Amino acid sequence: AKAKGLGESERVERIVRAYADVGTALENNRPVPYSSAVQTAANGLRRIIDGRIESITFETAEREIIIRSPSLEKEMMYKATTSKEPIVLGHPTSALGSIEGRVQTLTSRGGLRFTLYDLLNDKAVSCYLQEGYEGIMRDVWGKLADVAGWVTRDPLSGRPLSIRQVSEVVVKPEVLGTYRDARACAPPLTDLSPESAIRRLRDA
């Protein structure tokens, strides 16, 4: 689900920060620091996390917060080799990198953003351009591209969640056809047919 803020920019920014604060409170099992109505709605979100729905991600232009089911939290704990204390892999991690995928939704409200569907997982990755880099998105919609920036990943699965401060988008050539089309594209390494080679190995 996506939400768009309408109204005074300061008020919208305050609500966006509050939204992230709610996610952080849920992630850390702390009381939601807002009204009872907000607390009720937030706890309702927590209750939908079950065996079928494993996690919920709160995402803003600045960060992600992941709330997982208790069973998944247990799976995320492991024993360190030098200590018997459990270690919890909880927070998304970020690093410079690039993701290859297909560019889809583009929006310019509140800063230029777009959605990339990565080739490995076929999942949506939210991408946020650096200010002044809008020109690199010309004629990119619907195309295969490498998107470079600060990549935030899910610490459990390694799946990319977002790319912030995008500074480079390189369109990739489309590869048509399948591997079957590559048959006979290279010369054989030997004049022997497969049957002759198998027979020679058998008689050796």
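Computed quantities for the displayed model
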{"quantity": "Long-range neighbours under 6 Å by Cβ, at least six apart or interchain, first residue open to solvent by less than 100 Å² (accessible area, probe 1.4 Å) within the stretch 1-14, second part of a loop (DSSP other than H, G, I, E, B)", "calculated": "VAL12/GLY5"}
{"quantity": "Some residue of the stretch 65-75 being modelled with pLDDT under 80 and among the aliphatic types (A, V, I, L, M)", "calculated": "yes"}
{"quantity": "Close pairs (9 angstrom Cβ cut-off, 6 or more residues apart or separate chains): farther than 18 Å from GLY97 by Cα and aromatic (Phe, Trp, Tyr) in the stretch 131-150, open to solvent by less than 30 Å² (accessible area, probe 1.4 Å) and part of a strand (DSSP E or B) anywhere", "calculated": "TRP141/VAL103; TRP141/PHE114"}
{"quantity": "Per-region count, the stretch 104-123, residues at pLDDT 85 or above and either open to solvent by 90 Å² or more (accessible area, probe 1.4 Å) or among the aromatic types (Phe, Trp, Tyr) (or both)", "calculated": "6"}
{"quantity": "Whichever residue in the stretch 144-170 is polar (S, T, N, Q) and within 20 Å of ILE67 (Cα to Cα) and, among such residues, is most open to solvent (accessible area, probe 1.4 Å)", "calculated": "SER157"}
{"quantity": "Flag for ALA25 being out of contact with any strand residue (DSSP E or B) (no Cβ under 6 Å at 6 or more places or on another chain), touching a residue at least 12 places away in the same chain (Cβ under 8 Å) and open to solvent by less than 100 Å² (accessible area, probe 1.4 Å)", "calculated": "yes"}
{"quantity": "Residues satisfying the stated conditions in the stretch 131-159, i.e. over 23 Å from PHE58 (Cβ atoms) and touching a strand residue (DSSP E or B) at 6+ places or on another chain (Cβ under 9 Å)", "calculated": "TYR133, ILE136, MET137, ASP139, VAL140, TRP141, GLY142, LYS143, LEU144, ALA145, ASP146, ALA148"}
{"quantity": "Selection within the stretch 5-17 - part of a loop (DSSP other than H, G, I, E, B) and either over 19 Å from THR57 (Cα atoms) or in contact with a strand residue (DSSP E or B) (Cβ under 9 Å, 6 or more places away or on another chain) (or both)", "calculated": "LEU6, GLY7, GLU8"}
{"quantity": "Residue count for the stretch 18-51, restricted to those that are within 17 Å of GLU64 (Cα to Cα), in a loop (DSSP other than H, G, I, E, B) and of a type in the set (Phe, Trp, Tyr)", "calculated": "0"}
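The values are calculated or read from the model by the stated rules, or taken from the named source; none is laboratory data. As the structure is a computational prediction, the values presented were derived from the model and not from experiment. Cβ atoms come from the backbone with ideal geometry, glycine included; neighbour counts cover every protein chain shown. Surface areas here come from the heavy atoms of the whole protein model, side chains and all, with no ligands, DNA or RNA. Shrake-Rupley method; radii C 1.70, N 1.55, O 1.52, S 1.80 Å.
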